[in-house]
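This report refers to the structure that appears directly beneath it.
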2 protein chains.
Amino acid sequence: MGRMKITVLSGGVGGARFLRGLRDAVTADDEVTAVVNVGDDMWLTGLRITPDLDSIMYTLAGENDEERGWGRVGESERVSAELRAYGVGWPWFTLGDLDIGTHLTRTHLLREGLPLSEATARITSRWPLGVRLIPATDDEVETHVITDGGPMHFQEWWTRHRASIPALSFEYRGVAASTPAPGVLDAIAEADVVIVAPSNPVVSIGPILAIPGIREALASTPARVVGISPIIAGAVVRGMADACLAAIGVSTSADAVAVHYGARSRGGVLDGWLVDESDAAAAAAIEAAGIRAQVVPLWMRDAESSAALGRDALAAAR
Amino acid sequence: MGRMKITVLSGGVGGARFLRGLRDAVTADDEVTAVVNVGDDMWLTGLRITPDLDSIMYTLAGENDEERGWGRVGESERVSAELRAYGVGWPWFTLGDLDIGTHLTRTHLLREGLPLSEATARITSRWPLGVRLIPATDDEVETHVITDGGPMHFQEWWTRHRASIPALSFEYRGVAASTPAPGVLDAIAEADVVIVAPSNPVVSIGPILAIPGIREALASTPARVVGISPIIAGAVVRGMADACLAAIGVSTSADAVAVHYGARSRGGVLDGWLVDESDAAAAAAIEAAGIRAQVVPLWMRDAESSAALGRDALAAAR
């Protein structure tokens, strides 16, 4: 087959691993575009932080800390110690020095008037990532968590409170007035394959789908839209996505998440859904919802299994 | 004698050393206020940098790098290496990581709407400095150097070109519309003693004197105004002040600088002027200009000689 255009809707760490595997699975002729969640983004001590874009960039650049699971390898925290000594910033959200280099660059470019998508293009040009990263929107859309004690930024709920405070609901602040970043709608419309990465459905993929125009683009693209379950054997692969799913009344199961996204033929977003071999029993419910279920190994435990998942996702989408 | 209010007009490194000696020379009852030059300030990679305020703060806090002569002791440059890798910033102006902690804090406070004087008060409260630091103005006044090739920021001329490009003149951009920061005029009007530190007359003290209202306050204060020569034996103690003096037609001598400042009784700013023992011969010319000359050792080679100079300056101003 010839050159292929592949567009992936993606969050941070899980999406980053999937994208790395996918990149290893495609040929140099193929074109992979990641439409990346910005809901985790925030201003902190005057810096614009974009955790999902950075997780993906560091992972694709081979600069991520595999052991810790996030951030840059060989990181240090000298600047953050200074910020704490001056009494500014969030003491529970420590920024690494190398990471601050990225944030300073981004903030500088934004302050110069560049939209986030252009700042991202410039920043990612430092490394041959093999994947084009586009923020889902250039507008500031930030996920807030509504709790009994009031709303808080998603990062505060997730990182400071470890999702231990019950979430009543999630609010994607600013999303109604937002528009997709330049290139996003084209990347979906002109794709041969659209993939929904195994990212958190509520706070990673949810904010992308809530941007006006993106669901419509997914509905009308000639590409097949295939998702990968972030749930394996009734448990989240990483993070605390179950707390997010519970808040929106979706149970932590491979089929419940598929039903939550919905079949494209019935107004949802999915044509197909990849579930792990341990969830083979869920296939019937998924098919009943109008979504083609495919049972494949979902664990990305190394480069080979990650690339294999990339190949499986492409095969399912053809 | 009782409690004394001492106000010092000051630039960076030379001023910092003098202020440290003065602090050691006064009693805990005395109140030392430094009115600090902002002409070296600049925006760099989205950060507001205030070199003179920081040099003084680090020196008084005992956090300065004595050996290198500027910046923080134990400094590293990991963030700047990232900025270079992303292709932003000035490659010839490297910011240390600890220093970036200060700049991030300041920039954050400024972006939150605090004037520089309040941001400075908050930042300096981290250490018991023994000296109150006030920027000469809250407005952005930046020194630019006019050269044959056009104007450039003072930092570019000084740090990148090592003052090797002939300066035709200096421009304190924004100074005409600037006003003294809150506390500056009072610090001069209510002082028992006003001291002009041995800082660069053109780019450290010059921008302070050019702020509308400051010369008038110096003219009318009941305090005596005493300056300390930054020139010893016809040479600058540090830096490349001679290149600055040449541009404004002042020779590099203790008496020429005194004459440049001028006698307060004749519309200038000085009542007295301290020159080094090696410049005793300059005393006659200084006195002829209407300024009381005092010959004392000016070299600040250690804590004791610095404190002695502080005592000499206070004695001369009484």
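The values are calculated or read from the model by the stated rules, or taken from the named source; none is laboratory data. The structure presented is a predicted model; accordingly, all values stated were derived computationally and were not measured. Here Cβ is always computed from backbone atoms with ideal geometry, including for glycine, and neighbour counts include all displayed protein chains. In case anyone asks, the SASA skips ligands and DNA or RNA and just uses the protein heavy atoms, side chains included. Shrake-Rupley method; radii C 1.70, N 1.55, O 1.52, S 1.80 Å.
For chain A, what percent of Cα pairs sit more than 36 Å apart?
Summing the P(r) tail past 36 Å for chain A gives 12 percent.
If the viscosity is 0.890 mPa s and the temperature 25 °C, what translational diffusion coefficient in µm²/s does Stokes-Einstein give for segment B:155-197 when Rh comes from Kirkwood over Cα pairs? The estimated diffusion coefficient comes to 178 µm²/s.
Between the C-alpha center of segment B:235-284 and that of segment A:196-223 there is a gap of 71 Å. Residues in segment B:209-226 carry Karplus couplings, in order, of 5, 7, 6, x, x, 6, 4, 5, 5, 5, 5, 9, 5, x, 6, 7, 10, 10 Hz; the curve used is 6.51 cos²θ - 1.76 cosθ + 1.60 with θ = phi - 60°, and Gly or Pro positions show x.
Amide H to amide H distances under 5 Å link A:E77 with A:D97, where only residues 5 or more positions off or on other chains count and H is placed in the peptide plane. Its residue count N sets the reference 2.2 N^0.38 Å, and the alpha-carbon radius of gyration of segment B:46-159 equals 1.12 times that reference. Phi-derived couplings, Karplus 6.51 cos²θ - 1.76 cosθ + 1.60 at θ = phi - 60°, listed residue by residue for segment B:305-311: 5, 5, 5, 4, 5, x, 5 Hz, with x used for Gly and Pro. Of the residues making up segment B:106-123, those losing 40 Å² or more of accessible area when the isolated chain is joined by the remaining protein chains, with a 1.4 Å probe, are B:H108, B:R111, B:R122.
For segment B:1-54, the C-alpha radius of gyration divided by 2.2 N^0.38 Å, with N the number of residues, is 1.38.
Comment: the Cα-to-Cβ extended label point of A:L114, at 7 Å, lies 2.9 nm from its counterparts in the other copies, nearest first. Between the C-alpha center of segment B:118-154 and that of segment B:1-31 there is a gap of 19 Å. Note on A:I146 and A:R122: the model spin-label points, each 7 Å out from Cα along the C-beta direction, lie 3.8 nm apart. Computed over chain B, relative contact order equals 20 percent, with contacts defined as Cα pairs under 8 Å that lie 6+ residues apart. Sequentially through segment B:131-146, phi angles give Karplus couplings (6.51, -1.76, 1.60; θ = phi - 60°) of 9, 8, 9, 10, x, 4, 8, 7, 7, 7, 10, 10, 7, 10, 9, 8 Hz, Gly and Pro residues having no value and appearing as x.
The largest accessible area among B:H161, B:H153 belongs to the first residue in B:H161, B:H153, and the rest follow in falling order (1.4 Å probe, all chains).
Ranking B:P180, B:G87, B:S220 by Cα position along the charge dipole of chain B, where only Lys, Arg, Asp and Glu carry charges on their C-beta atoms, puts B:S220 farthest toward the positive end.
Overall, chain A carries a charge dipole of about 200 debye about its Cα centre when +1 sits on the Cβ of Lys and Arg and -1 on the Cβ of Asp and Glu, all other atoms neutral.
Counting pairwise Cα distances across segment B:54-107, what percent come out greater than 15 angstrom?
Everything past 15 Å amounts to 49 percent.
Residues of segment A:35-59 buried by at least 40 Å² of accessible area upon assembly of all protein chains, compared with the chain on its own (1.4 Å probe): A:T45. Expressed as a whole percent, the accessible surface of the protein assembly as shown that belongs to carbon and sulfur atoms is 51, based on a 1.4 Å probe. Normalised per residue, the accessible area of segment B:58-129 is 41 Å², obtained with a 1.4 Å probe and no contribution from ligands, DNA or RNA.
Computed over the protein assembly as shown, the range of Cα coordinates on each principal axis works out to 103, 52, 39 Å, biggest value leading.
Considering only A:P166, A:P198, A:P207, the Gaussian network model of chain A with Cα springs below 10 Å gives its largest mean-square fluctuation to A:P166.
Based on C-alpha pairs under 8 angstrom that are at least 6 apart in sequence, segment A:181-318 has a relative contact order of 22 percent.
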